[in-house]
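J.: Just passing along the structure, written as structure tokens.
The values are calculated or read from the model by the stated rules, or taken from the named source; none is laboratory data. Because the structure is predicted, anything quoted here is derived from the model rather than measured. A quick note on method: Cβ atoms are made from the backbone with ideal geometry, for glycine too, and the neighbour counts reach across all protein chains shown. In case anyone asks, the SASA skips ligands and DNA or RNA and just uses the protein heavy atoms, side chains included. Shrake-Rupley method; radii C 1.70, N 1.55, O 1.52, S 1.80 Å.
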Amino acid sequence: MPDQLEGGCACGQMRYRMTSAPLFVHCCHCKDCQRQTGSAFVLNALIETDRVDVLSGGTALFGMPTDSGRPHDVARCPGCGTAVWSHYGGRKELTFLRVGTLDDPSLLPPDVHIYTRSKVQWVELPEGVPAFPAYYDSKTLWPAESLARRRAVFG
Ligand SMILES: [Zn+2]
Ligand SMILES: [Zn+2]
């Protein structure tokens, strides 16, 4: 995988660069992600917010309703509305970057499939990639380096 990954919105105003590999990549099949993306699942690369450089344009935050009542803010290009990333639980230090907005989304395949209980029937999950009906225990699944990076952010 290249050290630097770039992407942006549909209209081209908003461009960003990831300055390192992500911590972990989620493929989420939950109903909220399906509805909010209009698709079968969402691909999120989890990365420290200070490792995402905004190269041009900016983002507007939209609060999403959640079952838990905890905040979920989606960052969208103000010009075209493309969702480029999210922050969950009010934790702005951690970015859930939409892998589909990368110039080459194939560079970041999912490390885990989550909320497969609401997966659409025709999506077949690959062998060898962990999958869970709901959420999962990152302490047992993430590489030690990613756990250390997360501790550096949240203590
Ligand atoms: Zn745009
Ligand atoms: Zn989801």
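J.: So, in nm, how far is label Asp103 from label Asp32 when the simple model puts each one 7 Å beyond its Cα toward the Cβ?
T.: With each label placed 7 Å out from Cα toward Cβ, I get 3.3 nm.
J.: Express in whole angstrom the spacing between the alpha-carbon centres of region 35-62 and region 78-103.
T.: Here the two parts' Cα centres lie 1 Å apart.
J.: Mind ranking 25-36, 53-64 by how tightly packed they are, going by the mean number of other C-beta atoms within 10 angstrom, highest first?
T.: Output ranking for 25-36, 53-64: 25-36, 53-64.
J.: Carbon and sulfur atoms: what percent of the 1.4 Å accessible area of the chain do they account for?
T.: On the way: 4150 of 8150 Å².
Roughly 51 percent of what the probe reaches on the chain is carbon or sulfur.
J.: May I ask which residue of Tyr136, Gln121, Val153 lies farthest towards the positive end of the charge dipole of region 111-155, with charges of +1 (Lys, Arg) and -1 (Asp, Glu) on Cβ and the Cα centre as origin?
T.: After comparing all options, I get Val153.
J.: Right, here's the next one. Using a Förster distance of 25 Å, how high is the FRET efficiency between Tyr135 and Phe62, based on the Cβ-Cβ distance and rounded to 0.05?
T.: The value I calculate is 0.65.
J.: Classify region 12-137: rounded, prolate or oblate, from the alpha-carbon gyration tensor (a ≥ b ≥ c, eigenvalue square roots; a/c under 1.5 rounded; otherwise prolate if a/b is larger than b/c)? If you can, show how the numbers build up before the last one.
T.: Details: a/c = 1.65, a/b = 1.37, b/c = 1.20.
Here region 12-137 falls in the prolate category.
J.: Follow-up question, since we're still on this one. Using the per-residue mean of other Cβ atoms lying within 10 Å as a proxy for protection, in what order, highest first, do the peptides 79-85, 65-71, 44-50 fall?
T.: Values: 79-85: 18.1, 65-71: 9.6, 44-50: 20.0.
The packing order, highest mean first, is 44-50, 79-85, 65-71.
J.: Now a separate question. Find the accessible area per residue for the chain; the probe is 1.4 Å, ligands and nucleic acids are left out, and the unit is Å².
T.: 53 Å²
J.: How high is the FRET efficiency between Thr49 and Ala144 when r is their beta carbon distance and R₀ equals 35 Å, given to the nearest 0.05? Before the final figure, lay out each step's value.
T.: Values: r = 22 Å, r/R0 = 0.62.
The computed FRET efficiency comes out at 0.95.
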